Structures are given as C-alpha cells and as structure tokens.
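The values are calculated or read from the model by the stated rules, or taken from the named source; none is laboratory data. Predicted, not measured: the structure shown is a model, and the values here were computed from it. Heads up, the Cβs are rebuilt from the backbone with ideal geometry, glycines too, and the neighbour counts pull from every protein chain shown.
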Amino acid sequence: MHNILYIINVGYQGGVEKFTHSLIRQHLANDQYRPILLFFSDGPFYRKIAEDYEYVFLIPFKVRMANPLSWLRLFFHLIGFITKHKIVLAHIAMPWAKLLCLPALIVTRTPFVWFQHGPIGGVLDKLASLFPFERLILYNSTFTKDEYHQESLLPINSSKEKIVNPIIEIPQLHDDNKAMIRSKFLDNPEQRLLICAGRICSWKGYEIAIHALANLRLEDPDEWLNSKLIIIGSAGRESDREYEFTLHELVKKMALGDSIMFLPFSNDLPELLHASDIFIHCSRKPEPFGLVVGEAMLAQTLVIGSNQGGIQEILIDGETGFSFDSCADMDEAIESLCQKLRTAITLDNSERVSLARERVLNVYNSTKIASQIELYYLEITGKSLE
C-alpha cells in the first residue's frame, strides 16, 4: 500500500477539509492508498480525526508567512517527514500551503496534486501560479477553474487540469427526528421553518435573509408572521465574530428575536436541514461551489440560493430549486430573495426537491469521485495498486 500525504491547512472543518475527510474515508474503504495527514494547526477537526485514525500528525511549531525562520524549520521538518513515511504523492490545498511546502517537495522529488477549492483571488494565488510544479490541478467546479485562469500569471497546461466534483456525503435521516426538531423550534406544525447554514463571515450575506423575512412579515403578516429562521454556523476569526455580533444587533434592532435564532455549527446539520421547509443560501460573492447547498438537497429540503458562482452547476432555477441574485445591490438582493420566497410557498415543490436529491446522488457520489481521483494518483505515480 502506498502512502499519500494530505497537507491540511487548518484545524477546523471548512469545505476543503470536509472534502478531504470524505476522500480519506473512501481511501480507507478502497484499501488501495494509505492517507497520511499532516496538519498545520490544532483545532476541533484535527482532534476529531486524530481520535478516529492512526496516521494523523501535527506540525509541532507555528508556521507563519511573515516569519521566514518558520519556513526554514518547515523545510527540514517536511523533508524528514516525507522520507520517514515513504510518501509517494502529496495532496495540497490553498496557495500559501503550496508556496510553503514546495521547496521540500522539490528536494525530495515528491510529485504533488494541488486542489484548487477556492475562493480564488489575491496575491498568494498569483504567486503560487508562478511555480507550476504540480503534476495535476484539481478544481471543484468549472467556475473555480475559470477564476484561476483569470488570476494566473502564467499560461496553464490544460493537460494537467481536471474538474473533480465535490463529495457530498449521504446523511442518515429519520422522520421521527424531523417531527421532534420541528416541535422544538416551532409552536405548531403549520409554521414555516427556514434555515441558513455555513461559516459565519461577512460575505455569506446572512443579513439578506434577515431583511427579507422582516420585509415579508410587514407585507403579509398572516403568511409570514409565524415563520422562523435559524442561522447555523460558527465564527472562526476575530473579524467573523465581529460580523456575527452585527447580525445579532440587526435582529434586535428589527425586533425579530422571536422569529430568528442562532445556533453554532452542529454535526446534526443534516437532520436540521431535513426538518426545515426552505434552505436559503445568500453569499455576497460568488462561491466556488457551496457544499451546504448539496447537503440541503440530499436532506430533501427546497433550496433558494445564489445564481452566482459554482452553485449554478447544482442549483437550476425552477428545476432543482430557485435562485436569486444575492450579489446585487443590497436592496435588490433582498427583494430578489423575497420574490423567490413568495413564489416558492405558492407551489408544490416535491418534484423539484426529488429531482435535486437525485442529481446530487448521481453526480456527487463519493465512491465514484474517490475512484476517479485514485486513478489520477496512479497515472502520476505509476505505482501499481496491487
């Protein structure tokens, strides 16, 4: 069995970490490659996966882009780590990780795959594009690929580019839990439950949903007064916590405390999505994909989401849900969402929900995607899977 090094940037679980975790589980199930995980930082995701899996390691010192001495320490640490664990291929996400790890990978002659998960943009992506030593670039959507082509300072060899669909895990859902969850948050079963979920940061646009619900309550209180909105997610950085505070203040200012509540990220998210009537996704800038949109579809929940970015590959307006212009001027974005909410509640959406779930099951299947990636690994390393 050949060892694949997964270099993981942070200790908490975001979209790229969730994809990596799903891919690792499939490696273990296929029993062809042994994933070796090396984390840059501690955190709940690192600790959880370290409990479940043997080959999980943490770099024993802080690595900072602003500290060249830490680069040198990382260089020697990686050379020793790669040699000790007989790594045949490395998998890297994020441009800064590529830049920091590249010298050791070159010295040890370790081929590597760069997973461009996005979002794309900024100085680091441009710098990373100047060192095209990766054997393969994996993109999670056509949108991400197009964005990187615009940012790259050098022409990109199309023969080493592949689009790999994100892995969306199939949740275990129970209708008994659905009724229990609804009774926990709603006063009666006829009330409408709306959910927003994802990382708490300013470009996620949760204020659009808050304003939309406020406007609809004023416009048609009989229809919307009893609707509840739950915003699920956690803030990591200080700037994210400041944004979260502004959301709480906005809810207070608009006297929506009885209709909007906040919950931290939970492993029960699929069950919460399954119990809701509508999932709202309202990012203020185009996202590379939007994993939680697919998770909501698998949970058999109607999705109203952004019509920008990679989400368009899964959310087809009027077919697998409804889309609106979340990146427009704030007032326009709010009204655009209101229009879709007005439309959604007047229709029988069971066929849309069913079609959306079927599409996710067919296109974002973990077994298919992991097997395809393992074939790419085989092409790069030339190592037999026997």
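Brief remarks on what is shown
- Restricting the range 313-355 to residues that are within 24 Å of Ser202 (Cβ to Cβ) and among the small types (Gly, Ala, Ser), the residue that is surrounded by the fewest Cβ atoms within 10 Å (Cβ to Cβ): Ala328
- Candidates Leu213, Leu225: the one that is surrounded by 13 or more Cβ atoms within 10 Å (Cβ to Cβ), aliphatic (A, V, I, L, M) and free of Cβ contacts under 8 Å to residues at least 40 places away in the same chain is Leu225.
This table checks each residue for (1) touching a residue at least 24 places away in the same chain (Cβ under 8 Å); (2) surrounded by fewer than 20 Cβ atoms within 10 Å (Cβ to Cβ); (3) among the small types (Gly, Ala, Ser).
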residue: Ser141; (1), (2), (3): yes, no, yes
residue: Asp146; (1), (2), (3): no, yes, no
residue: Pro166; (1), (2), (3): yes, no, no
residue: Pro171; (1), (2), (3): yes, yes, no
residue: Asp176; (1), (2), (3): no, yes, no
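- Selection count, the range 149-195, where residues are in a loop (DSSP other than H, G, I, E, B) and either touching a Gly at 6+ places or on another chain (Cβ under 6 Å) or farther than 30 Å from Pro132 by Cβ (or both): 14
Yes/no per residue for (1) crowded, with 17+ Cβ neighbours inside 10 Å; (2) in the same structural domain as Asn267 (by TED's automatic domain parsing); (3) more than 26 Å from Ile380 (Cα to Cα); (4) out of contact with any Lys or Arg (no Cβ under 8 Å at 6 or more places or on another chain):
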position: Ile49; (1), (2), (3), (4): yes, no, yes, yes
position: Met65; (1), (2), (3), (4): no, no, yes, yes
position: Arg73; (1), (2), (3), (4): no, no, yes, yes
position: Leu99; (1), (2), (3), (4): yes, no, no, yes
position: Ala104; (1), (2), (3), (4): yes, no, no, yes
position: Thr108; (1), (2), (3), (4): no, no, no, yes
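- Qualifying residue in the range 321-329 (condition: under 24 Å from the mean Cα position of the chain (by Cα) and free of Cβ contacts under 8 Å to residues at least 12 places away in the same chain): yes
- Single residue of Gly257, Gly290, Gly310, Gly233 found to be modelled with pLDDT of 90 or more, in contact with a helix residue (DSSP H, G or I) (Cβ under 9 Å, 6 or more places away or on another chain), surrounded by 16 or more Cβ atoms within 10 Å (Cβ to Cβ) and small (Gly, Ala, Ser): Gly233
- All positions within the range 237-253 that are surrounded by fewer than 17 Cβ atoms within 10 Å (Cβ to Cβ) and not acidic (Asp, Glu): Arg237, Ser239, Arg241, Phe245, Thr246, His248, Leu250, Lys252, Lys253
- Matching option when the condition is out of contact with any Lys or Arg (no Cβ under 7 Å at 6 or more places or on another chain), modelled with pLDDT of 95 or more and not charged (D, E, K, R), among Asn215, Asn188: Asn215
- Annotation note: Cβ proximity below 6 Å between a residue of the range 241-253 that is assigned by TED's automatic domain parsing to the domain that holds Phe265 and in a helix (DSSP H, G or I) and a residue that is at pLDDT 95 or above and of a type in the set (Phe, Trp, Tyr) (sequence gap 6+ or interchain) occurs for Leu247/Tyr206.
- Total residues in the range 99-119 satisfying the condition of being modelled with pLDDT of 95 or more, in contact with a strand residue (DSSP E or B) (Cβ under 7 Å, 6 or more places away or on another chain) and either within 24 Å of Asn165 (Cα to Cα) or in a loop (DSSP other than H, G, I, E, B) (or both): the figure is 5.
- A count restricted to the range 75-98 and to residues that are out of contact with any Leu (no Cβ under 6 Å at 6 or more places or on another chain), part of a helix (DSSP H, G or I) and of a type outside the set (D, E, K, R) stands at 10.
- Qualifying positions in the range 3-27 - over 22 Å from the mean Cα position of the chain (by Cα) and surrounded by fewer than 20 Cβ atoms within 10 Å (Cβ to Cβ): Asn3
- For the range 60-100, the set of residues classified as of a type in the set (Lys, Arg) and more than 19 Å from Tyr46 (Cα to Cα) consists of Arg73, Lys84, Lys86, Lys98, listed by residue number.
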